[in-house]
1. Give the residues of segment 62-118 that are open to solvent by less than 20 Å² (accessible area, probe 1.4 Å), under 15 Å from Ala240 (Cα atoms), among the hydrophobic types (A, V, I, L, M, F, W, C) and part of a loop (DSSP other than H, G, I, E, B), sorted by residue number.
2. Out of Ser260, Ser271, Ser242, I need the residue that is crowded, with 17+ Cβ neighbours inside 10 Å, in contact with a Gly (Cβ under 6 Å, 6 or more places away or on another chain) and over 30 Å from Gly155 (Cα atoms). Which one?
3. Can you tell me which residues in segment 159-200 are open to solvent by 50 Å² or more (accessible area, probe 1.4 Å), within 15 Å of the ligand (Cβ to nearest atom) and in contact with a His (Cβ under 9 Å, 6 or more places away or on another chain)?
4. Can you find a residue in segment 153-160 that is of a type in the set (Lys, Arg) and either assigned to a helix (DSSP H, G or I) or in contact (Cβ under 8 Å) with a residue 40 or more places away in the chain (or both)?
5. Quick one: is Glu247 open to solvent by 80 Å² or more (accessible area, probe 1.4 Å), acidic (Asp, Glu) and within 21 Å of Leu104 (Cβ to Cβ)?
6. Please find, within segment 83-107, the residue that is farthest from Leu70 (Cα to Cα) out of those that are away from the ligand (no atom under 15 Å from the Cβ) and of a type in the set (Phe, Trp, Tyr).
7. If we scan segment 281-301, do we find a residue that is crowded, with 20+ Cβ neighbours inside 10 Å and basic (Lys, Arg)?
Amino acid sequence: MNIIKTKIIQCAALATLALSPLALEAKTINLAFTQTMDSQYGAAALAFKSELEKRSNHEFEVDLKPAGALGGEREVVESLQLGIIEMTISSTGPLGNFDKDVYLFDFPYVFESYGHAHRVLDSDIGKGILNGLSDHQIKGLAWGENGFRQLTYNGSPILKPEDLKGGKIRTMENWVHLATFNALGASPIPMSWTEVFTALQQGTIDGQENPINLAVTSKLYEVQKQASMTQHLYSPAVIALSQNYWEGLNSDEKKWFQESADIASDVMRKSRAKLESEAFDELTKRGMAIHKVDIAPFVKATEEVRHSLATEMGFTEKLAEIKAMK
Ligand code: EAX
């Protein structure tokens, strides 16, 4: 082959490459979360991925990083603020440390049902808090759902606050939660979720609290014998982007991200409901004893947190507004 012919072939190959959509390099987004792919977090992340990739004709690709692959929730939120990680679906547990207003959702026995929680999150109060995250370099796209938190533990059944006395219960890194478990008489230990399974296995802690379906997807039944349906907190999740990343998107791209997050939010609520309804049978089958409890004494024991602490934080009116939406 002579040199001219070779050049022509090379040019043609380059031209094809330039026109081919494969030659456009997709923008990859890391989406980090601490729970497994079979949890409601995994379901929401998959929904977001498929919606965004479809809408953007694969101009964006979403790389899912489940099970704490990029760190615990507090670390991931910090990385989002710095623009090191693009996206997360996180419980709001660590968010109050960055934006005080999020603590409003951390008071015990404020939400009475899922309907109540959804009404609040979808109202101006919920939207205001979501939008306020932008002041802290976090773009809250939508509320997702973690769920009502229940206790799992080893030892004798916990049916009233006195049974919790001295129990080493892991809480999220959230001081309203810590105050709540202190008020209940436990010895709370704040810890990242990524360390909980090992801590339960080694007996560093006696128990933990989370939506009951996470005990199935995270195999807590391997290290926990009992569960009590204390329903002490409603825990939202946030579907969030690094604010920096958001600001770099054009208006079409922002629309794709927003629509995909709205769909993921809906998927997350539905997935939580399904997984929670299946969890009781599954955990019983796996050998855990699940106790229904009278929550009245738990509500009473945490009264002080809802009063003094809420007053100190300037939340009295907002909490009353939330309670009235039940
Ligand atoms: O995001 O840390 C926690 O207990 C969270 O609820 C959990 O990881 C789900």
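1. Ile85
2. Details: Ser260 fails: in contact with a Gly (Cβ under 6 Å, 6 or more places away or on another chain); Ser271 fails: in contact with a Gly (Cβ under 6 Å, 6 or more places away or on another chain).
Selected residue: Ser242, the only one of Ser260, Ser271, Ser242 that is crowded, with 17+ Cβ neighbours inside 10 Å, in contact with a Gly (Cβ under 6 Å, 6 or more places away or on another chain) and over 30 Å from Gly155 (Cα atoms).
3. The answer is Pro190, and nothing else.
4. Here is the first cut: in segment 153-160, the ones of a type in the set (Lys, Arg) are 160.
The next check asks that each one be either assigned to a helix (DSSP H, G or I) or in contact (Cβ under 8 Å) with a residue 40 or more places away in the chain (or both); those that pass are 160.
Scanning segment 153-160, I find at least one residue that is of a type in the set (Lys, Arg) and either assigned to a helix (DSSP H, G or I) or in contact (Cβ under 8 Å) with a residue 40 or more places away in the chain (or both), so the answer is yes.
5. On the way: open to solvent by 80 Å² or more (accessible area, probe 1.4 Å): yes; acidic (Asp, Glu): yes; within 21 Å of Leu104 (Cβ to Cβ): no.
No: the conditions fail for Glu247.
6. Of everything passing the filter in segment 83-107, Phe107 is farthest from Leu70 (Cα to Cα).
7. no
The values are calculated or read from the model by the stated rules, or taken from the named source; none is laboratory data. On a predicted model such as this, the values are computed, not experimentally measured, just so you know. Don't worry about glycine lacking a Cβ; one is built from the backbone with ideal geometry, like all the others, and counts go over all protein chains shown. In case anyone asks, the SASA skips ligands and DNA or RNA and just uses the protein heavy atoms, side chains included. Shrake-Rupley method; radii C 1.70, N 1.55, O 1.52, S 1.80 Å.
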